[in-house]
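Worksheet: one structure, shown below.
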Amino acid sequence: MEIKLAQTFIAVDDHDKALTFYRDVLGLEVRNDVGFEGMRWVTVGSPAQPDVEIVLEPPLADPNAPAADKQAMAELLAKGLLRGVIFSTDDVDATFERIRAAGGEVLQEPIDQPYGVRDCAFRDPAGNMLRFNQPRKG
């Protein structure tokens, strides 16, 4: 039996801003863009990983959720308290420079971590933390 990751979800409050970042800055391809009951889901992914997708979804993608729950999720998103993702790259320094030059909000410049990677971190337009890492050389 084989188990593999297929999709992961990132909450966004503005899909157009998110698309500009994930598609135009990070270079991910748009695979799907669906609207339903006043909400929108956009699926993006790396051309190098055709079977793994990131779903950009509303902060609380439940049309039946109470307004207070929707407000709470929106507030957590605005504070950057929802989990993001970690991307791997073959050149974290070049990735950092490309994202910073495009106006990405820097959280951490590239640094060698004690757990064997060199990484950096940004916030996406919705406030999610995204880390980019590569294994340390030598």
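Sort through 75, 29 and tell me the only one that's closer than 21 Å to residue 124 by Cα, at pLDDT below 90 and over 12 Å from the mean Cα position of the chain (by Cα).
Selected residue: 75, the only one of 75, 29 that is closer than 21 Å to residue 124 by Cα, at pLDDT below 90 and over 12 Å from the mean Cα position of the chain (by Cα).
Taking the range 22-48, which residues are more than 15 Å from residue 9 (Cα to Cα) and surrounded by fewer than 11 Cβ atoms within 10 Å (Cβ to Cβ)?
The answer is 24, 35, 36, 37, 38, 47, 48.
Out of 84, 104, which single residue is touching a helix residue (DSSP H, G or I) at 6+ places or on another chain (Cβ under 8 Å) and in contact (Cβ under 8 Å) with a residue 60 or more places away in the chain?
So the residue among 84, 104 that is touching a helix residue (DSSP H, G or I) at 6+ places or on another chain (Cβ under 8 Å) and in contact (Cβ under 8 Å) with a residue 60 or more places away in the chain is 104.
Give the range 87-101 a look and list any residue that's of a type in the set (Asp, Glu), surrounded by fewer than 13 Cβ atoms within 10 Å (Cβ to Cβ) and free of Cβ contacts under 8 Å to residues at least 40 places away in the same chain, or say none.
Within the range 87-101, none qualify.
Looking at the range 14-41 only, could you name the residues that are within 29 Å of residue 101 (Cβ to Cβ) and assigned to a loop (DSSP other than H, G, I, E, B)?
Across the range 14-41, the qualifying residues are 14, 26, 27, 28.
Among what's in the range 112-130 and is part of a strand (DSSP E or B) and in contact (Cβ under 8 Å) with a residue 40 or more places away in the chain, pick the residue that is nearest to residue 14 (Cα to Cα).
123
Does the range 84-98 contain any residue that is in contact with a Gly (Cβ under 8 Å, 6 or more places away or on another chain) and not aliphatic (A, V, I, L, M)?
no
Among the numbered criteria (1) part of a strand (DSSP E or B); (2) over 16 Å from the mean Cα position of the chain (by Cα); (3) surrounded by 14 or more Cβ atoms within 10 Å (Cβ to Cβ), which single criterion is violated by residue 109?
So residue 109 meets the others, but not (3).
Restricting attention to the range 52-83, and to residues there that are in contact with a Phe, Trp or Tyr (Cβ under 9 Å, 6 or more places away or on another chain) and in a loop (DSSP other than H, G, I, E, B), which single residue is surrounded by the most Cβ atoms within 10 Å (Cβ to Cβ)?
58
The values are calculated or read from the model by the stated rules, or taken from the named source; none is laboratory data. Just so we're clear, the structure is a prediction, and the values are computed from it rather than from any experiment. So basically every Cβ, Gly included, is an ideal-geometry build from the backbone, and we count neighbours across all protein chains shown.
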